[in-house]
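Take a look at the structure set out below.
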Amino acid sequence: MDWFNYYGLAVMAIIMIPNIIYAVTNKSGEPDSYKNKAAVIAEQIGRYGCMISMIFNIPYTYFDFWFDNALIVYVAINGALCFAYLLFWIICRNRSGKLKALSLSVIPSCIFLFSAVLLANIPLIVFAVVFSVSHILISCKNLI
């Protein structure tokens, strides 16, 4: 892969499907009970940073796959995680609770962290850690 990651674009497109459907069908959204501004800003920075870093590889901060057959592992694991994300979204879309909150926050976090480490993509590692911590925190705090 050079500067553009087609596989990352496919992963982002897949995990955005439920988010787009939710935004279209729930225009008012769900009220967030957790109003920590720093956590919300960190989550948004991490989210958009991950989206961009999954698709675009910045020269000298991205070192590509670091072992043989890593592309196969990357596609297989991300494919399985995307499938799990879609499956949990279908199962939990009309529910609320811990299963929905954790599955729909932990799985994308795993996708970003796994991709970051496997690609040795420094910006993606940073954004994935920021996103994961803040997104899971906000999801759990909104349950309370």
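Per the Debye calculation on the stretch 1-95 with a single equal scatterer at every Cα and no solvent contribution, log₁₀ I(q)/I(0) for q = 0.17 Å⁻¹ amounts to -0.96. Here the stretch 1-79 is treated with +1 on each Lys and Arg Cβ and -1 on each Asp and Glu Cβ, and its dipole about the Cα centre works out to around 380 debye. Rounded to a whole number, what % of the accessible area of the stretch 2-144 do carbon and sulfur atoms account for, probe 1.4 Å? Carbon and sulfur together cover 73 percent of it.
Of the residues Thr61, Ala101, Ser28, the one whose Cα sits farthest towards the positive end of the charge dipole of the chain is Ser28 (charges of +1 on Lys and Arg Cβ, -1 on Asp and Glu Cβ, taken about the Cα centre).
Comparing Tyr48, Tyr60, Tyr34 in a Gaussian network model of the chain (Cα springs below 10 Å), the most mobile by mean-square fluctuation is Tyr60. Protein heavy-atom accessible surface, 1.4 Å probe, per residue over the chain: 59 Å².
Note the full-extension length gain between Ala120 and Phe56 as 0.36 nm times their separation in residues minus their Cα-Cα distance, in nm to one decimal. Kindly include the intermediate steps, with their values, before the conclusion.
Details: separation 64, 0.36 × 64 = 23.04 nm, distance 1.33 nm.
Fully extending the segment from Ala120 to Phe56 adds 21.7 nm.
May I ask you to derive the relative contact order of the chain, considering only C-alpha pairs under 8 Å and at least 6 residues apart, and to give it as an integer percent? Write down the numbers at each step before the final one.
Values: 156 pairs, mean separation 53.6, N = 144.
That works out to 37 percent.
Simple rule: put +1 on each Lys or Arg Cβ and -1 on each Asp or Glu Cβ in the chain, find the dipole, and look at Gly49, Ile72, Cys92; the Cα lying farthest toward the positive end is Cys92. Tell me whether the stretch 42-127 comes out rounded, prolate or oblate; compute the Cα gyration tensor, take square roots of the eigenvalues as a ≥ b ≥ c, and use a/c under 1.5 as the rounded threshold. Oblate, since a/c reaches 1.5 and b/c is not below a/b. Our note on the geometry: Cα centres of the stretch 18-52 and the stretch 80-134, 13 Å apart.
Can you figure out the FRET efficiency of Ser96 with Ile17, using R₀ = 25 Å and their beta-carbon distance, to the nearest 0.05? The partial results should precede the final answer.
Working: r = 20 Å, r/R0 = 0.81.
Given R0 = 25 Å and the Cβ-Cβ separation, E is 0.80.
The helix-only estimate of mean residue ellipticity at 222 nm for the chain, built from DSSP H runs of length n ≥ 4 each weighted as -39500 (n - 2.57), is -25000 deg cm²/dmol after division by the residue total.
The values are calculated or read from the model by the stated rules, or taken from the named source; none is laboratory data. Just so you know, these numbers come straight off a predicted model, no measurement behind them. Note: ideal-geometry Cβ built from the backbone for every residue, glycine included; neighbour counts use all protein chains shown. Side chains are part of the model used for accessible areas, which takes the heavy atoms of the whole protein and leaves out ligands, DNA and RNA. Shrake-Rupley method; radii C 1.70, N 1.55, O 1.52, S 1.80 Å.
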